Amino acid sequence: MIIAYRNGSVVRLEDVAHVIDSVEDDKNFSQIYGGEYGTKAPAGVNLQVMRQPGSNTIEVTDNIKRLLPVFQAQMPPTVHLGIRGDRSKNIREAFHDIQFTMAATLALVIMVIFLFLRNFSATMIPAMALPFSIVGTFSVMLPAGFSASTTFP
């Protein structure tokens, strides 16, 4: 790489510095321990996939998992692809927890109304209104391009 011209001659980077054709940071590397590898510790390569803002983490993760066999088929037999970290697991668990919480809340609200009013017809009004309001909310979200799973980061 030319960095300057002095007295009509070219000054290259290798003339003023020790240049190594290598990776940016040769002190940062990966080794795989445990499992089938034991303590042999073969070298590893990390590849981090970041989702774009506004995209669905679960869909991105599912698409990557679907493509892993395609990538593995193009690799030499000694190269193994694996997933090191997966944020979608936490998001899926949180989504299931929210679904359970919503169902439990709905049941508790209906139960409390029935226990206080002791009237079946007066209890059925909120029992029908609450699920319809949830369905109505999601029916407005769907044409807008949202779903319950896309509202999470």
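The values are calculated or read from the model by the stated rules, or taken from the named source; none is laboratory data. Since the model is a prediction, treat every value here as computed from it, not as a measurement. Methodologically, a virtual Cβ is constructed for each residue, glycine included, from the backbone with ideal geometry; neighbour enumeration extends over all protein chains shown. For the accessible areas, the whole protein counts, side chains as well, though only heavy atoms, and no ligand, DNA or RNA atoms are used. Shrake-Rupley method; radii C 1.70, N 1.55, O 1.52, S 1.80 Å.
Under 5 Å from the amide H of residue 44 lie the amide H atoms of 30, 31, 32, each residue being 5 or more positions distant or on a separate chain, with H modelled from the backbone and absent for Pro and chain starts. Charge tally around residue 58: other residues with Cβ under 12 Å, Lys/Arg +1 each, Asp/Glu -1 each, net +1. For the peptides 5-18, 50-63, the ranking by packing is 50-63, 5-18, with the highest mean count of neighbouring Cβ atoms within 10 Å listed first.
Compared with the direct C-alpha span, the chain from residue 74 to residue 52 gains 5.3 nm at full extension, assuming 0.36 nm per residue. Protein heavy-atom surface of region 65-144, 1.4 angstrom probe: 72% of the accessible area is carbon and sulfur, with nucleic acids and ligands not counted. Pop the C-beta distance of residue 133 and residue 96 into the FRET formula with R0 = 22 Å and round what comes out to the nearest 0.05. Step by step, r from the Cβ atoms, then E = 0.55.
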